[in-house]
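Enquirer: Here you go, one structure.
The values are calculated or read from the model by the stated rules, or taken from the named source; none is laboratory data. All of these numbers come straight from a predicted model, not from anything done at the bench. Quick reminder, even Gly has a Cβ in these numbers, built from the backbone with ideal geometry, and neighbours come from all protein chains shown. Heads up: the accessible areas ignore ligands, DNA and RNA and are worked out on the full protein's heavy atoms, side chains in. Shrake-Rupley method; radii C 1.70, N 1.55, O 1.52, S 1.80 Å.
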Amino acid sequence: MHFRKRYSRNIIVRAMVQGVAIGLAAVFVIGLTIFTTGEKGANSTKKVATSGPNAEEEQAADGEAVTMFVKQYGVFSAKEAATDFVATDPSLAKTVIFPVNGQFYVWGATWVKESHVVLNETEDAFKKKIRVVDGTCKQANREEVKKALLADDLSKIELSVGGGEKKKGTDLQKKMTAITAFTKDSSIARLHLLGYYSNEDPCFKIQF
């Protein structure tokens, strides 16, 4: 009886030791797995963050673009539909239809700064952010057109050549004179200037 009792205690002690050893081994394996996985994840994140020639090129492209904000009344898949939409509402008489990516947008004003955007509660319109990028002018000087687009008051813009002599009778000057006679609202004047120099004389292209 005494021998069997000692034998039972040895079995219990051995089982306890084995259990502790197995538990420690399991903890070690789990810890090693977590450490290895975390290291791989860190390396993957680093590769994504530093593999950026395309991202840098996109940032450079954004730097060349001019951000503006427009008042949009609608967008149509056909120019005729956009024209009919404008024709049925007298309040849209000063809007401009812009063809962009196969769609025809009806816009009523253009602002350079978002803080200058004005939307009336009675109007069925909303603010839309656009990007104005360089195109290829047929006649106008793109830098002069850009200067006019960014001006707060088109009537005060002086177009100059070389040493500062004012240009008279140029196509851009004529367009500015006609537009400022048509409206005193700088956001509407800018809209019509952008409309002409992105459609008729494509100095600029519209992107979203």
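Enquirer: Once you put a point 7 Å from the Cα of Asp134 and another 7 Å from the Cα of Ala181, both along the Cβ direction, what distance in nm separates them?
Expert: 3.3
Enquirer: Can you tell me the FRET efficiency between Asp124 and Lys156 if r is taken as the Cβ-Cβ distance and R0 is 25 Å, rounded to the nearest 0.05?
Expert: Working: r = 33 Å, r/R0 = 1.33.
The calculated FRET efficiency here is 0.15.
Enquirer: For the pair Phe76 and Glu143, what calculated FRET efficiency results from E = 1/(1 + (r/R0)^6), where r is the Cβ-Cβ distance and R0 = 30 Å, to the nearest 0.05? The partial results should precede the final answer.
Expert: Values: r = 33 Å, r/R0 = 1.10.
About 0.35, to the nearest 0.05.
Enquirer: Would you list Val75, Val66, Val132 from the most to the least accessible area, probe 1.4 Å?
Expert: Values: Val75 70, Val66 30, Val132 5 Å².
I get Val75, Val66, Val132, largest accessible area first.
Enquirer: A further question follows. When a/c reaches 1.5 or more, the comparison of a/b and b/c decides; with that in mind, is segment 66-207 rounded, prolate or oblate per its Cα gyration tensor? Before the final figure, lay out each step's value.
Expert: Values: a/c = 1.83, a/b = 1.60, b/c = 1.15.
Prolate.
Enquirer: Could you check the spin-label model distance between Lys174 and Thr67? Points 7 Å from the Cα along Cα→Cβ, value in nm.
Expert: 3.7
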